[in-house]
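One structure is given here, and the rest of the page talks about it.
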Amino acid sequence: MAAAHATSLTRIPMNINDLPTELLIQILSQVSSDTPWQMVTLGLVCRSWYAVTKYSPAFWANVVANAWQFPSAPIAGSVPSRICFLDTYATALERSLPFYFSASLDISQVLTYYPAAGALKRTLLSTLAPHSQRLVSLSLVLAPEEHMQECHDFLKLPLPVLEEVSLTTLTALSFPNNSMNIAIPLPAPDDLAYRSLPPCALPRLHTLHVNGTFFGPWLARPTLKHLHISGSDTFSDRVPTHGMLLGGLQACPALETLDIDTALPVWTTMPYDVSLVDEWPHAHALQNLRRCTVRDAHEWTPKFIQFLYAAPLPAATMLYITLGPSTNLMSLADRDGFRDRIPADPQMWFSRDLCALAFSHQPHPIRMELNKHALWGEAAPTISRASGVAAPHALRVHAGDKKRLELTFSPALLAQFRARFGLTFAEALIMQIAVDPPLARMFDDSALRPNIDELVLDLGARAPAPLWWRLFFRFFGHVRRLVVRAHDASALFGALNGKPDPEECPLGRNAGEEELLRYVRAQFLPAEEFVEEFVLLGVDMRFQGSEEEELARLILGAFARRKAAGCRVPREFTLRYRGVPRPAFDERVKCGLEGLVRCVVVGSS
């Protein structure tokens, strides 16, 4: 019986030809998928495979969906080899009838020999053209200078079922960073990117992935719902001008998601597309936008944020902005010929327009998170357990249960910013509010400032100076509930006690300008208002050392001082510290605040 059982477990070999036809088609469709033109030889293997390659349109629909490109320069340039290759592609397309199919073509290769005879000027795109009415998805890799006209002409063909288009380039123009006399390719008024396609073109297009250098009004369609524009630090990979970018977005009224990745223009507006920019605030663009994602160097984002605010974006739009380090293109932004210049200070990434996008027109309570889950002072960046990557340093704004804004710093920008200014993300944000008069007035004026229900501030081991805390409470002392995660609380309560700062630079390595320090020292903590619920978490008593009594004295003195001066004090105060319980410390704080604060919770967590 054991022998019989062993025999029953023996694997029985199966011939591939015994598989169901549908499964065999799927398997054969993946054979040499990187060289699909060689699949015509599969029919020579056996009778079953010949039947599949001869009579299965589904097989050939899968074959033409693979990436097709000329396999080598000799074949691409040799007239007989070129004709044979294109005939193979045409045969595959014919055999795929009547199936709908996707096409992926790489036509970026620069040919060493291009025949002059008209009959021999066939290309992969022209071979695909007769089957355009069955095309569902199209992916093209182009050389911009050689193929823009051909691509433009192809998209004017009848494409009744085409839903997704991807246009990218592998070529990029690069310029020496130290050259000030370089020729920058700028769009001309008669460029194809400014020309709109016929109204009947691309009637079902809903998704577009495009390299920045290709985007313009010519690709804007009223049915488009999802737009992804990608580029790089190379100038030629970006959208050429803001006029071209805005002109394209204006003609996409159904757009729901917009993703711009390192593709924002360096040039702002050329004389011949000024009208596209002037029309933007009145065009009612992006009114169906649900999510907008922008990832780019921090010197290029403020201008685009200004346009988003001028649109304006719907209140329900979620805005995700990731700021990267400076590029090598700043020298290009200071040349003549602009109508609008890039902001003079590229470090001013938190603008009034961005603040307005985050906070204005919100009927629901606002919850603000600053630097949460990103402990800047730690030796190594915080690692997300789920993703295994460094957690971003971010400003997050929620309106009710929906996220309104997420502003993040890339790790490279964090390193660059700290090396230059010596400030953390949270410190820099408060300092930018302080040094920008319109923004400072916005947070100072009770009629203008955002009504923040809860603010969560995560500092980790970082201990900002008392001067910074003084600014923080000036701008955010009105929040109803303040949650601070900090290992060291001495500077915080030192600021509430009015404790003077040391004479050395308190705000960072390069923040010692006397004018700025005089401004900060002139600020007073708000008297008429103060947070109702003050929650302090994660205080590490090891940071206080033998100064445990000093910390208790600072806490009691801060609230007693405000009460004696007729200023507001919190209605509830919670202090959770790390480490073993300290009953004497707990009792002293609780007893000292009795009669000052209605509800006090102190203890180890």
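Taking the alpha-carbon set of the range 540-589, what are its Rg and Dmax in Å?
Spelled out, the Cα radius of gyration and Dmax of the range 540-589 are 12.2, 36 Å.
Measuring from label point to label point, each 7 Å out along Cα→Cβ, what is the residue 51 to residue 568 span in nm?
Between residue 51 and residue 568, the simple spin-label model gives 8.3 nm.
Say R0 is 60 Å: what FRET efficiency, to the nearest 0.05, do residue 533 and residue 190 get from their beta-carbon distance?
Rounded to the nearest 0.05, the efficiency is 0.45.
Which entries of 402/563; 121/156; 225/303 have Cα-Cα distances beyond 27 Å here?
Checking Cα-Cα distances, 402/563 exceed 27 Å.
Sorted by average packing, counted as other Cβ atoms within 10 angstrom per residue and highest first, what order do 202-213, 88-99 take?
202-213, 88-99
For the range 398-489, what is the per residue volume of the convex hull drawn over the alpha-carbon atoms, in cubic angstrom?
Cα-based convex hull of the range 398-489, divided per residue, equals 122 Å³.
Under a plain spin-label model, where a point goes 7 Å from the Cα along Cα-to-Cβ, how far apart in nm are residue 578 and residue 291?
In this crude spin-label approximation the distance works out to 3.4 nm.
Near the amide H of residue 260, under 5 Å away, which other amide H atoms are found, from residues 5 or more places off or on another chain, if H is placed in the peptide plane?
Under 5 Å from the amide H of residue 260 lie the amide H atoms of 229, 293, 294, 295, each far enough along the sequence or on another chain.
Round to the nearest 0.05 the FRET efficiency obtained for residue 256 and residue 401 when R0 = 35 Å and r is the Cβ-Cβ distance.
0.95
Compute the distance in nm between two label points, each set 7 Å from the Cα along the Cα-to-Cβ direction, one at residue 316 and one at residue 605.
Rounded to a tenth, the inter-label distance reads 3.5 nm.
In nm, what is the difference between 0.36 nm times the number of residues separating residue 170 and residue 81 and their Cα-Cα distance?
Value of the extension gain: 29.6 nm.
Residue 163 to residue 587: extension gain in nm, 0.36 nm per residue of separation minus the Cα-Cα distance?
145.8 nm
So what are the ³J(HN,Hα) numbers for the range 493-498, from phi and the Karplus equation (6.51, -1.76, 1.60; θ = phi - 60°), rounded to whole Hz, Gly and Pro as x?
Whole-Hz 3J(HN,Hα) from phi for the range 493-498: 6, x, 5, 5, 8, x.
Spelling out what I want: for every residue of the range 463-468, take phi, set θ = phi - 60°, compute 6.51 cos²θ - 1.76 cosθ + 1.60 (Karplus), and round to whole Hz; glycine and proline get x.
The phi angles translate into 10, x, 6, x, 4, 5 Hz.
Show me 288-300, 578-590 ranked by packing, highest mean number of other Cβ atoms within 10 Å first.
288-300, 578-590
Calculated FRET efficiency, residue 348 and residue 279, Cβ-Cβ r, R0 25 Å, to nearest 0.05?
After rounding to 0.05, the efficiency reads 0.40.
For the range 421-464, just the Cα set please: Rg and Dmax, both in angstrom.
Rg and Dmax of the range 421-464, Cα atoms, are 12.3, 35 Å.
Please work out how much length the chain gains when fully extended from residue 34 to residue 67, using 0.36 nm per residue of separation minus the C-alpha to C-alpha distance, in nm with one decimal.
Extra length available between residue 34 and residue 67 comes to 11.2 nm.
Every number in this text was worked out from the coordinates using simple rules, so none of it is lab data. Since we're looking at a predicted model, the values are computed, not measured. With ideal geometry, Cβ positions are generated from the backbone for all residues, glycine too; neighbour counts draw on all protein chains shown.
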